[in-house]
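Take a look at the structure set out below.
Please treat every number below as a calculation from the coordinates, not as lab data. Remember, predicted model here, so these are calculated numbers, not experimental data. Positions of Cβ are generated from backbone atoms using ideal geometry, with glycine treated the same way; all protein chains shown enter the neighbour counts.
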């Protein structure tokens, strides 16, 4: 007999949501987080246990009188996910269980790939190495790239050295090599998602990734903003306020390197701008232009999206930290309401991979919830547990 999901199904899904996001938990904690009755939680837990979605995870310490409570946990055998940061200089692959507990991460220099197939095979090899001790099947892969991404499959606007990855070939090749769904996302989106996970109070925010390219991400009510066209997020084409330069040419590593050399600074790499001594006049001119461009970018986002916070990440972080007081001063003079502008602490490669991992977990959690609610339409009885997938 088939039908629509029942209240029992929705209760079961609610308990699963809480366990996936917070386990290990005692039954009393599950009751507190879901607002469901003791009997309802017990029934849902037993259903989920029969599905293989819940196991006992130890016993809490006895404090005062009464019986100790058994922790409920999500078993490793339910599966694992992978988050990949595929950058121009550094690649990081992180594998976690479905509770988001890291199993292993691997960070290596990015190899120079001339073919999409070889790059995909290399990434899958790193993922297999990171997942050697993982239990259960691979459930989802999200790979974050330095470019704009539409629909989880198509890459737009990568730097010249990564032009081979423009389009959907990378997603297709990765999908063909693993028995799990694979989606692409921008490194900026992954960075912002990682920040949202760490800060539950943050609602509306924007993020600029100032690295090989200038990339942008935003969220409203904690939902990442995704445009209908590939042009969404291409803030680098906007006028920077510095000569005839667009933002991309002042707020990316390659662009700023060219800009600084054009102002007489002898730089081998962009890091020399803050690691080596230089002519003070020429360096001050470059820093002033960088400050102007950053103020322009933040102002454009502030008046269109009204974020409470604007985060800056990427390889140009040391320079951002140097000019940030002046950026704030100029914004205070030009905007009636100024968002909090700050540099987000990040670990090269790993922070983006962690955000991609959280994106994977969100997708798997949605599928698990859908499986619980769709079981009724597949002919399961109310007293019959349904498979998780």
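Just a few scattered comments:
- Linear extension gain, residue 304 paired with residue 332, 0.36 nm per residue minus alpha-carbon span: 8.4 nm
- Projected over all directions and averaged, the alpha-carbon convex hull of region 263-339 occupies 5.5 nm².
- Residues in region 19-37 reached by a label modelled at residue 50 [backbone nitrogen below 12 Å; 7 Å Cα→Cβ]: none
- Note on region 199-343: the C-alpha convex hull projects to 8.9 nm² when averaged across all orientations.
- Label-to-label distance, nm, for residues given as residue 266 and residue 121 (7 Å Cα→Cβ offset): 4.5 nm
- Alpha carbon convex hull of the chain, projected area averaged over orientations, nm²: 23.0 nm²
- For region 117-157, the spread of Cα coordinates along the three principal axes comes to 36, 21, 15 Å, biggest extent given first.
- Against the main long axis of the alpha-carbon atoms of the chain, helix 350-374 sits at an angle near 30°.
- Considering helices alone, the calculated mean residue ellipticity of the chain at 222 nm is -13000 deg cm²/dmol, with DSSP H runs of length four and up weighted by -39500 (n - 2.57) and normalised per residue.
- Principal-axis analysis of the Cα atoms of the chain puts helix 38-51 at an angle of about 80° to the longest axis.
- Relative to the longest principal axis of the Cα atoms of the chain, the long axis of helix 317-334 makes an angle of roughly 80 degrees.
- In a fully extended conformation the segment linking residue 28 and residue 135 would gain 35.7 nm over its present Cα-Cα distance, using 0.36 nm per residue.
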